[in-house]
1. Could you please give the count of residues in region 121-141 that are closer than 24 Å to residue 88 by Cα and touching a residue at least 12 places away in the same chain (Cβ under 8 Å)?
2. Hey, does region 156-178 have a residue that's assigned to a loop (DSSP other than H, G, I, E, B), over 30 Å from residue 51 (Cα atoms), without any contact (Cβ under 8 Å) to a residue 24 or more places away in the chain and more than 20 Å from the chain's Cα centre (by Cα)?
3. Which residue, of 115, 157, 148, 198, is closer than 17 Å to residue 38 by Cβ and out of contact with any helix residue (DSSP H, G or I) (no Cβ under 8 Å at 6 or more places or on another chain)?
4. Residues of region 29-65 being in contact with a helix residue (DSSP H, G or I) (Cβ under 7 Å, 6 or more places away or on another chain), within 19 Å of residue 119 (Cα to Cα) and either in contact (Cβ under 8 Å) with a residue 40 or more places away in the chain or surrounded by fewer than 21 Cβ atoms within 10 Å (Cβ to Cβ) (or both), which ones?
5. Which one of the conditions (1) loosely packed, with under 13 Cβ neighbours inside 10 Å; (2) touching a helix residue (DSSP H, G or I) at 6+ places or on another chain (Cβ under 8 Å); (3) under 18 Å from residue 168 (Cβ atoms) does residue 191 fail to meet, given that it meets all the rest?
6. Among the residues of region 111-118, is any part of a loop (DSSP other than H, G, I, E, B), within 18 Å of residue 16 (Cβ to Cβ) and touching a strand residue (DSSP E or B) at 6+ places or on another chain (Cβ under 8 Å)?
7. Restricting attention to region 1-25, which residues are surrounded by 10 or more Cβ atoms within 10 Å (Cβ to Cβ) and assigned to a loop (DSSP other than H, G, I, E, B)?
């Protein structure tokens, strides 16, 4: 659709490069997209405070530029959300933090009413917008999951801190450390070889409430360059919230 994309790398210390961002943004910049979570990258997740600093910089240069945040894995890990520090719109997955492990599918858009309305009209139909959409008869689970989500995320953070502490004590490289400020629920543990990864995932799977009889193996998966193994003994497929 004629979109021109430019990515601004992080600093060597893996922080947002505000100087480079300031150089990249111009009054012609239509949107700045911020990915909050580390995802699969070996970098810290962005905190809401860092997102606020980026947003303020962008708005000083170009007040009309839309600032959007990919908030996946970050919801409820702080006392404020990105929409409270000046961003325009954010999106996330309901099978992650805000679904509380109960939502079976879906995602969300939140932010300025006009932008949310534009997105709704684009994914449904012009004029119908958010008044129409596929809920897949799961509204009860969506609302129940959202109600429980803050507590579930708290439990996930406690589990991640405990995991980081235990693995660090055994000499493994972890990120973040157990006592570091967190911007998402993702915990990175750098294992030494594929056999350790396999054994770890098999132990997690065998200790899970669902499909604990399944023996995991590495396998190719579309979208990934390497073979993948995932422990997923949860009631909702893909709900990687208990341990991410």
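1. The number of residues fulfilling the criteria is 3.
2. Checked against the condition, which is being assigned to a loop (DSSP other than H, G, I, E, B), over 30 Å from residue 51 (Cα atoms), without any contact (Cβ under 8 Å) to a residue 24 or more places away in the chain and more than 20 Å from the chain's Cα centre (by Cα), region 156-178 yields at least one hit.
3. Result: 157 is the single residue among 115, 157, 148, 198 that is closer than 17 Å to residue 38 by Cβ and out of contact with any helix residue (DSSP H, G or I) (no Cβ under 8 Å at 6 or more places or on another chain).
4. 34, 65, listed by residue number.
5. (1)
6. no
7. 8, 10, 11, 14, 15, 16, 17, 25
One line per residue, one yes/no per condition, for (1) under 18 Å from residue 42 (Cα atoms); (2) exposed (fewer than 13 other Cβ atoms within 10 Å of the Cβ):
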residue	(1), (2)
147	no, yes
151	no, yes
159	no, no
168	yes, no
233	no, no
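The values are calculated or read from the model by the stated rules, or taken from the named source; none is laboratory data. Since this is a predicted model, take the numbers as computed values, not measurements. Reconstructed Cβ throughout: ideal geometry from the backbone, glycine too, with neighbour counts over all protein chains shown.
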